[in-house]
Amino acid sequence: QVLCCSYDVKKPKNMTEKIEMPIPLQELIRVNFTSFLSAILKQEQESQEIVSDVFMGWSSLCELYGRSMLELMKKEMCEEILTFLNKLAPCQQSGLNKDDADEDDEGEERWEDQDEKEEGESEEESGDEFVLHHVADFIATWVKIYGDDAKNSFDNFHSILIKYLQPSSTATKGFQGAILACYASVIESMSPSLTEKYIPAVLPFLQESVQQ
């Protein structure tokens with residue numbers, strides 16, 4: 001934000017609007033973004049709060065400067081969001097058992113076992129879920145900015161996000177609430193014809209929640 005102010009970049013009227021950014025500024029933003037991304041991907045479990053703060057900062061920047069800002073980080077972020085959703089980032093690796101470590105590279109099953117809670121444990125989000133909460137918030141911002149153009153990217157995120165709403169999931173209610181808020185943003189920001197498959201996917205969770 002300091003860099004944008006120093007170049008007197010005007011904020012867009014809304015997040016979907018593109019604005020002009022000088023080439024030198026774009027390069028500075030890319031360098032800073034790449035440095036931050038590299039740093040958070042090296043953070044250990046003790047630094048989950050730092051990683052969460054970085055995602056919050058990126059979300060705020062994209063909300064302030066819209067599509068033009070997100071486009072500077074879109075390609076790398078699409079890959080790394082999948083890394084975090086699959087709980088494959090270094091800051092998410094604490095407490096894995098041997099069977100977890102032997103799972104395939106895609107991490108399709110990791111999400112099921114990492115956050116198991118002992119009987120009587122509180123429903124507060126774990127540090128790992130705290131990170132994922134802000135990743136979900138960033139995805140919501142992404143979709144608000146790109147609208148229908150976010151469809152392909154969100155389909156990749158959807159295939160993992162929906163697992164946290166399954167009956168077998170050990171995700172806390174707080175984290176599941178963040179996921180539902182993300183889906184609400186998607187349904188609001190995209191055309192109905194593009195979101196028709198997401199509503200049936202989340203309905204069973206909503207119905208079960210109401211019954212409880």
Seminar exercise, completed: Packing-ranked peptide list from 24-34, 80-90, highest mean Cβ count within 10 angstrom first, is 80-90, 24-34
Seminar exercise, completed: Candidate cut points under trypsin sites (Lys or Arg not before Pro) in the range 122-206, DSSP loop plus at most 13 other Cβ atoms within 10 Å of their own Cβ, are Lys197
Exercise. Roughly how big is the range 12-91's charge dipole about its Cα centre, with Cβ charges of +1 (Lys, Arg) and -1 (Asp, Glu), in debye to the nearest 20?
Worked result: 260 debye
Problem set entry | Formal net charge of residues neighbouring Lys10 (Cβ-Cβ distance under 13 Å; K, R +1; D, E -1) | 0
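No value in this document is a laboratory result; all are computed from the given coordinates. Everything numeric here is computed off the predicted structure, so don't read it as measured data. As a convention, Cβ positions derive from the backbone with ideal geometry for all residues, glycine included, and neighbour counts pool all protein chains shown.
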